[in-house]
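The values are calculated or read from the model by the stated rules, or taken from the named source; none is laboratory data. What you see is a predicted model; the values in this text were computed from it and never measured. Quick reminder, even Gly has a Cβ in these numbers, built from the backbone with ideal geometry, and neighbours come from all protein chains shown.
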Amino acid sequence: MPDVLTYVLHFEGAFNKNSLGAVSEGAARAEEIGGQCHALVLGGDDLTDELCSSLGAYGATKVFRARGPEGLAQPVIDAMAKAIDDQGHGYALFGGGLLGFEIGAGLAARKQAGVTMEVTSVRAEDGKLVAERPILQDSQISVSRYRGDLGIIIGRINAFEVVSRDGGSAEVVDLDIEYSSWSTQASMVQRGEQRGADVDIEGADVLVAGGRGLGQAENFKLAEDLASAFGGNTAVAATRAVVDAGWYPYAAQIGQTGKTVAPKLYLAAGISGAIQHKVGMQSSENIVAINKDANAPIFEFSDLGIVGDLNKILPKLTEAIKDRKGS
Ligand SMILES: Cc1cc2nc3c(=O)[nH]c(=O)nc-3n(C[C@H](O)[C@H](O)[C@H](O)COP(=O)(O)OP(=O)(O)OC[C@H]3O[C@@H](n4cnc5c(N)ncnc54)[C@H](O)[C@@H]3O)c2cc1C
């Protein structure tokens with residue numbers, strides 16, 4: 001069957017953005033192969049008819065609502081397997097993230113289905129879906145075509161754009177699930193907010209990104225001062241090296257395992273330009289890099305390169321922008 005099933009994570013009455021991207025992508029691709037996109041949600045009384053049917057605004061025609069613990073992989077695998085057995089979906093599509101990987105892999109094992117992870121593009125070909133994923137440090141594209149009844153597609157985080165449609169409302173169908181004994185062994189002890197969840201780097205026009213060259217967590221103040229001098233829609237971003245070191249929140253990480261951004265200006269301070277970082281910011285309109293090493297790889301894909309010590313350059317830049325703005 002050409003129908004696509006997606007899983008939609010929710011928390012405190014709001015759907016996860018990555019999941020909404022999966023619904024949008026699933027709907028667009030399902031239409032190309034003559035199918036529909038369905039969504040599965042799992043939770044308690046918070047999953048009202050109104051909330052569930054609102055997924056129609058992203059292209060879902062039907063929403064399967066199951067009662068069960070939200071945020072754990074095994075119960076979702078049970079629920080998705082049941083929906084697929086009942087409805088005969090041809091594809092299951094996930095927005096990525098750790099939970100998406102876990103559910104997708106578990107579902108692949110359960111249904112003996114082919115799975116492709118870190119997918120950045122899905123297209124229709126001869127009435128079937130084809131998944132593309134970058135390989136070999138993103139220098140090549142690997143193409144997956146699926147055999148059998150079910151193909152599983154797990155996106156790279158934020159790879160699928162959220163597209164809302166006017167006036168969509170999905171049918172809500174309650175699903176009775178008999179959970180496997182192992183699925184009820186784990187329970188959610190605490191569900192916390194992502195560190196730095198308030199940092200909106202994806203929507204920013206200007207990003208001041210800091211890397212290990214900042215030397216220590218406290219020096220992120222140099223990047224923050226510059227960002228506030230720019231004002232407006234400006235935010236601070238970071239490399240994985242520094243978020244792993246605990247210098248800045250994970251929510252600000254750019255790159256392969258972080259966020260993909262395309263601001264008007266990306267100012268990289270003390271960032272070497274590793275391929276895993278580059279893939280998350282290379283589409284920026286203008287890239288300005290400050291690095292003390294003239295041979296740093298970041299200069300190979302920067303529009304403007306400044307060779308020097310960021311400790312001297314960032315404060316001067318901040319002052320220059322303040323002067324220019326008269327603030
Ligand atoms: C599977 C995998 C996934 C990964 N995913 C990501 C990801 O999503 N995002 C990501 O960013 N990385 C990711 N990485 C890590 C990546 O390979 C690099 O290690 C990381 O990007 C390096 O971060 P950095 O540029 O801050 O540090 P470094 O590579 O240590 O670079 C620091 C730079 O600062 C410069 N510098 C030092 N002092 C100064 C100074 N005073 N003034 C100016 N310049 C100075 C140095 O010359 C150097 O170029 C991943 C790695 C793997 C294996």
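So the values come out like this:
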| item | result |
| --- | --- |
| Sole residue being under 15 Å from the mean Cα position of the chain (by Cα) and either small (Gly, Ala, Ser) or loosely packed, with under 13 Cβ neighbours inside 10 Å (or both), chosen from Ala159, Ala131, Ala124 | Ala159 |
| Of all residues in segment 266-295 being surrounded by 21 or more Cβ atoms within 10 Å (Cβ to Cβ) and in a loop (DSSP other than H, G, I, E, B), the one that is farthest from the ligand (Cβ to nearest atom) | Ser284 |
| Segment 302-327 - residue that is among the acidic types (Asp, Glu) and more than 19 Å from Ile287 (Cα to Cα) and, of those, farthest from the ligand (Cβ to nearest atom) | Asp323 |
| In segment 90-115, the residues that are within 16 Å of the chain's Cα centre (by Cα), modelled with pLDDT of 95 or more and not in a helix (DSSP H, G or I) | Leu93, Phe94 |
| Residue in segment 252-259 that is buried (at least 20 other Cβ atoms within 10 Å of the Cβ), within 27 Å of the chain's Cα centre (by Cα), more than 9 Å from the ligand (Cβ to nearest atom) and aliphatic (A, V, I, L, M) present | yes |
| Any hit, segment 18-30, residues being of a type outside the set (A, V, I, L, M) and surrounded by fewer than 18 Cβ atoms within 10 Å (Cβ to Cβ) | no |
| Count - residues of segment 239-256 that are touching a residue at least 24 places away in the same chain (Cβ under 8 Å) and either of a type in the set (A, V, I, L, M, F, W, C) or in a helix (DSSP H, G or I) (or both) | 9 |
| Matching residues in segment 278-303 - criterion: being within 16 Å of Arg240 (Cα to Cα), touching a strand residue (DSSP E or B) at 6+ places or on another chain (Cβ under 7 Å) and in contact (Cβ under 8 Å) with a residue 60 or more places away in the chain | Met281 |
| Filter result for Val172 (under 28 Å from Ser24 (Cβ atoms), more than 9 Å from the ligand (Cβ to nearest atom) and more than 21 Å from the chain's Cα centre (by Cα)) | yes |
| Residue within segment 55-69 that is hydroxyl-bearing (Ser, Thr, Tyr) and surrounded by 18 or more Cβ atoms within 10 Å (Cβ to Cβ) present | yes |
| Qualifying residue in segment 74-97 (condition: surrounded by fewer than 24 Cβ atoms within 10 Å (Cβ to Cβ), of a type in the set (Asp, Glu) and under 24 Å from Ser144 (Cα atoms)) | yes |
